[in-house]
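So the structure is just underneath, and the comments pick up after that.
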Amino acid sequence: MNALNEMQQASIKANKESDNVILLSATGSGKTLAYLIPIIELLDPQLKKVQALVLVPSRELAIQIDEVFRKMATGYK
């Protein structure tokens with residue numbers, strides 16, 4: 001996919017307007033990317049320390065998020 005879907009675009013807009021955003025969407029709708037993009041926009045590439053922490057309830061979800069993050073090829077770890 002080369003373009004963001006409607007939910008992802010709405011997430012980016014909502015995150016610019018508020019510090020508290022909840023994403024409610026069906027499985028497979030792209031929520032992971034929808035919340036990772038605003039996080040990445042806040043990161044400073046000059047800082048070589050932990051800048052964000054994503055807490056998840058399961059190992060499987062952590063692996064899914066890591067896979068999406070790596071595909072984004074941001075240069076961050």
Subject >> Among residues of region 37-63, those that are closer than 22 Å to Glu6 by Cα and either part of a loop (DSSP other than H, G, I, E, B) or at pLDDT 95 or above (or both), counted >> reply: 0
Subject >> Tabulated pairs, region 11-29, first without any contact (Cβ under 8 Å) to a residue 40 or more places away in the chain, second part of a loop (DSSP other than H, G, I, E, B), C-beta under 8 angstrom, 6+ apart or interchain >> reply: Ser11/Val21; Ser11/Leu23; Ile12/Leu4; Ala14/Val21; Asn15/Val21; Ser29/Asn5
Original post:
Pairs under 8 Å by beta carbon, first residue more than 13 Å from Thr74 (Cα to Cα) in region 42-54, partner modelled with pLDDT under 95 and open to solvent by 100 Å² or more (accessible area, probe 1.4 Å), six or more apart or different chains?
Top reply: Gln51/Leu42; Ala52/Leu42
Original post:
Could you count how many residues in region 30-67 are over 23 Å from Lys16 (Cβ atoms), of a type outside the set (A, V, I, L, M, F, W, C) and open to solvent by less than 50 Å² (accessible area, probe 1.4 Å)?
Top reply: 1
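For region 14-41, give me each residue that is touching a Lys or Arg at 6+ places or on another chain (Cβ under 7 Å) and either within 16 Å of Thr74 (Cβ to Cβ) or among the hydroxyl-bearing types (Ser, Thr, Tyr) (or both).
Once the filter is applied, which keeps residues that are touching a Lys or Arg at 6+ places or on another chain (Cβ under 7 Å) and either within 16 Å of Thr74 (Cβ to Cβ) or among the hydroxyl-bearing types (Ser, Thr, Tyr) (or both), region 14-41 yields only Ser25.
The values are calculated or read from the model by the stated rules, or taken from the named source; none is laboratory data. Not measured: the values here are computed from a predicted model. When we count neighbours, we look across all protein chains shown, and the Cβ atoms used for this are built from the backbone with ideal geometry, even at glycine. Calculation scope for accessible area: heavy atoms of the full protein, side chains included, ligands and nucleic acids excluded. Shrake-Rupley method; radii C 1.70, N 1.55, O 1.52, S 1.80 Å.
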